[in-house]
Amino acid sequence: SFYIAPRFLNKLAIHITKNFLDLSNVRVPLILGIHGHKGEGKSFQCELVFQRMGIEAVHMSAGELESPDAGDPSRLVRLRYREAAEIIRKRGRMAVLIINDIDAGAGRVDGGTQYTVNTQLVNATLMNIADNPTNVQLPGSYDEEPLPRVPIIVTGNDFGTLYAPLVRDGRMEKFYWEPNRDDRLKIAQGIFETDGLSSSDVEQLVNHFDGQSIDFFGALRSRIYDEQVLAFIQSIGFDQVGAKLVNAKEKVNFQKPNFNLNHLIEEGELMVIEQGRLHELRLASAYNR
Ligand code: ADP
């Protein structure tokens, strides 16, 4: 099974629990902001913690908030918050609201007027909710009954780009997530758990790809299946893939691919080359601008 870093588990569990406790004379920030480099497991581990604690999560993404079709983003945030509150009230279960990659939308103030307007609305709405968590109203209706508090979790890359009053300590608890070597080893061990690698293999793999984020190892594992998937496509015919897979009655079974260390390192190196190409193209396009 997947590994949750204890620091991560504890931080999240404390934040959520504190928001459901009634600690006298203690002011608890409603929002937990988890920041750090992309692909290091912020969202993924949140889901693992929710499962572990039996928490229902209502999700939003920043992309959804900044979409011009989404309508009023402030209304959307309030709506989802109230959805989570309903789960707590009606079903008697813990629920949270999670907004992933918040700085991709709410923090981007350079993307044109639409984004700027939405940014300000989302920031202001979250601030407002953080200050009055039991009174979150939808425009055009008023609900007398106070809502249960719903802890909010936001993830992002760089909170320096968010509106400063939102990030203030009373409103948002901050948690910088950067897996250390031990976390990385144990997470990678979890990823390759069923693949017959020894712990020394995993260690060598993590050492070899030292600077890579956690998602590299997940993607590498998936890539190892490519050869078999191609063999499968060729065996049934490119034109038969749809008929065979969509609404299929029986599942296609694959043999375990070759997960030996050398093969993993070879495939990983190919991924690193792709990263390099992407990087070069970016540099070139920045230069040509
Ligand atoms: P972030 O939110 O920090 O950008 P994600 O949570 O999206 O990163 O993680 C990226 C990918 O890394 C996930 O989709 C998953 O494949 C892998 N991953 C991250 N953390 C773990 C973990 N604890 N165990 C297994 N895989 C993980």
Qualifying GluC sites (Glu not before Pro) for the range 208-289 [loop in DSSP, other Cβ within 10 Å: at most 16] | 250
Per-residue ³J(HN,Hα) for the range 199-210, Karplus 6.51 cos²θ - 1.76 cosθ + 1.60, θ = phi - 60°, Hz, x for Gly and Pro | 5, 6, 4, 4, 4, 5, 5, 5, 5, 4, 9, 4
Low-density loop trypsin sites (Lys or Arg not before Pro), the range 3-55, at most 16 other Cβ within 10 Å, DSSP non-H/G/I/E/B, are 27, 38
3J(HN,Hα) from dihedral phi, the range 75-92, Karplus parametrisation 6.51/-1.76/1.60, rounded to Hz, x for glycine, proline = 5, 4, 4, 5, 4, 5, 4, 5, 4, 5, 4, 4, 4, 5, 5, 7, 9, x
Lys, Arg +1 and Asp, Glu -1 on Cβ, resulting dipole of the range 181-288 about Cα centre, debye, nearest 20 | 380
Taking all protein chains as present, what is the carbon and sulfur share of the accessible area of the chain, in % to the nearest whole number, probe 1.4 Å?
-> 51
Excluding same-chain residues fewer than 8 positions from residue 186, which lysines have a Cα within less than 26 Å of its Cα?
-> 11, 38, 42, 174, 256
Looking at the square roots a ≥ b ≥ c of the eigenvalues of the Cα gyration tensor of the range 181-288, which shape do they give, rounded for a/c under 1.5, prolate if a/b is larger than b/c, or oblate?
-> oblate
Calculate, for the chain, the solvent-accessible area per residue in square angstrom, rolling a 1.4 angstrom probe over the heavy atoms of the protein chains.
-> 56
Work out from phi, with θ = phi - 60° and the Karplus expression 6.51 cos²θ - 1.76 cosθ + 1.60, the ³J(HN,Hα) of each residue of the range 223-231, listed in order in whole Hz, and give x for Gly and Pro.
-> 5, 4, 7, 4, 4, 5, 5, 5, 4
The range 157-230 - Rg (one decimal) and Dmax (whole number), Cα, Å = 17.5, 54
Angle between the chain longest axis and helix 113-131 axis [Cα atoms, degrees, rounded to 10] | 60
For residue 154, enumerate residues with amide H under 5 Å from its amide H, sequence gap 5+ or separate chain, H modeled in the peptide plane.
-> 32, 33, 34, 99
From the residues 33, 160, 137, which one has its Cα farthest along the dipole of the chain in the positive direction, the dipole being from +1 and -1 charges on Cβ of Lys/Arg and Asp/Glu about the Cα centre?
-> 137
Before rounding to the nearest 500, sum -39500 (n - 2.57) across all DSSP H runs of length at least 4 in the chain and divide by the residue total; then give [θ] at 222 nm in deg cm²/dmol.
-> -16500 deg cm²/dmol
Taking the Cα centre of the range 6-176 as the origin, how large is its charge dipole in debye, to the nearest 20, when only Lys and Arg (+1) and Asp and Glu (-1) carry charge on their Cβ atoms?
-> 600
Cα convex hull volume per residue for the range 6-176, in Å³, equals 116
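The values are calculated or read from the model by the stated rules, or taken from the named source; none is laboratory data. Just so it is clear, the model here is predicted, and its values are computed rather than measured. Please note: Cβ atoms are built from the backbone with ideal geometry, for glycine as well, and neighbour counts cover all protein chains shown. Heavy atoms of the whole protein, side chains included, go into the accessibility calculation; ligands, DNA and RNA do not. Shrake-Rupley method; radii C 1.70, N 1.55, O 1.52, S 1.80 Å.
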